[in-house]
Each structure stands twice: as structure tokens, then as C-alpha cells.
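This report concerns only the one structure given below.
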Amino acid sequence: MNVKATPILLAAIALTVLSGCAAGTTEIQADYPAYDSIREVGAASDLVITGEVVDSRVENLYPDRVDSDDPNVNPQSGVPEDEIDDIPPIVITVSSVRITEVVTGNAAPGDVIEVSQLGGEIDGQRIVEEDTTLLDTLDSTVVLFLAAHEGAPYDLVNPEQGVLTLSGEQLRSIGSDPSLRAPATLDELRKLLNG
């Protein structure tokens, strides 16, 4: 299945393919916005929720054809027309997440939303983005900081800073950045983001 590219995903895809780390595995890199605090991560989010992954699928993402010379709007800018169809797709994993609580934003508990992330396995090829932990690999309730896109799945505002795991009321960051500490509890996060 092919899906529509989203602005944040396209901005994030300053992709660099690294050497294949193992047979059938390709590592990629992407640039994402980075934040100095959980408050900033929350402010950049259209929706902050707790939820559980109920399903996932891997898809090829093809950029939309846009009539613009601006590479921020049109990632194919400067590519000869006859070569555009030869641009390989980007592999993404789309997770379906059942919302258990809305911390900020417009959604309701019980809603199922889709969240896209770079990487996944398709046609025997495993694509790994160095900062991304795919949601369907986490065995816990998650707190997600999401950017909304009309007609497309949500994206995490940052693949590390945009995901916390939740065990009871205790929060834990999945990222390796020690300067961005998550609040210790979900209640502390609610108070921090909702004033």
C-alpha cells in the first residue's frame, strides 16, 4: 500500500543511507526538531495522549507531486521529470493506537488513531532509523506527543522525545538524552502541560 507524505515526515527525511548493518538491513538517518524540555515537546504537539498499540502495518511512502521549486515543499525539486518515478519509496510503520487518556488536544478515550514512523520490514528488507523505536515493539502503555496532518497519520514530534512509556503512573523516557528528563509521573505531566 502507498501512503501520502506528510510535511513533518518530508522535512524529517533528509535521509542518509548508511552501510547495511546486517544482511537485509539498511540503516537510515533523519533530521528532526529537538526540544530542550518536556514542556517544549508538549507545546509543539497537536495532541498528547496515553494509549496502547493495537495493530501495525508497514508501507511504502511516496512523496506527493507538488508544483513548486521550493525543496521544503517539493522534495523532488530539481529532479528531472523523467527520473521522478525512479525515486525509491520511504518505508514507514503505521501503528494503530487506542487512546486511553487525552492529556492535551482534541480526541477522546477509546478513539483509535494512526501514528507513522520511519522504518520497518517490507519485502524482506529491514529499514532502521537510528533514533526510532517502533511503537509496536514497546510492551507497555505509551505517552505520545503528536503532530497532526490532514488526511494522513499523526507523526511523533520527535522519535525519542515524543514517546514515553507508562507503567502504572510512572513515566520513563525511551530516549538517550539525559538533559531531557521526563516528569516522574503522569500526574506531573498533566500539571506541566495543562498549567
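Quick note: the coordinates plus some simple rules give every number you see, no bench work behind them. Worth saying up front: this structure is predicted, and the values here are computed from it rather than measured. When we count neighbours, we look across all protein chains shown, and the Cβ atoms used for this are built from the backbone with ideal geometry, even at glycine.
Points to keep in mind about this one:
- Within region 78-103, backbone nitrogen closer than 15 Å to the virtual label 7 Å beyond the Cα of THR185 toward Cβ: none
- For region 48-62, putting each phi into the Karplus relation 6.51 cos²θ - 1.76 cosθ + 1.60 with θ = phi - 60° gives couplings of 10, 9, 9, x, 10, 6, 10, 5, 7, 8, 10, 9, 8, 10, 10 Hz, in residue order, rounded to whole numbers and with x for Gly and Pro.
- Alpha carbon centroid spacing (whole Å) that separates region 141-195 from region 56-90: 30
- Computed about the Cα centre, the dipole magnitude for the chain is approximately 820 debye when only Lys and Arg (+1) and Asp and Glu (-1) carry charge, each at its Cβ.
- Antiparallel DSSP beta bridges within region 71-195, percent to nearest 5: 90
- Using C-alpha pairs below 8 Å separated by at least 6 residues, the relative contact order for region 71-116 is 31 percent.
- Fraction of the pair-distance distribution of the chain above 26 Å, Cα-Cα pairs, percent: 33
- Rel. contact order, % - alpha carbon contacts under 8 angstrom, at least six apart, the chain: 24
- Amide H partners (placed H, <5 Å) of ASP46, local residues excluded: LEU146, ALA147, ALA148
- Here the extension length gained between ASN60 and ASN72 equals 2.3 nm, from 0.36 nm per residue of separation less the Cα-Cα distance.
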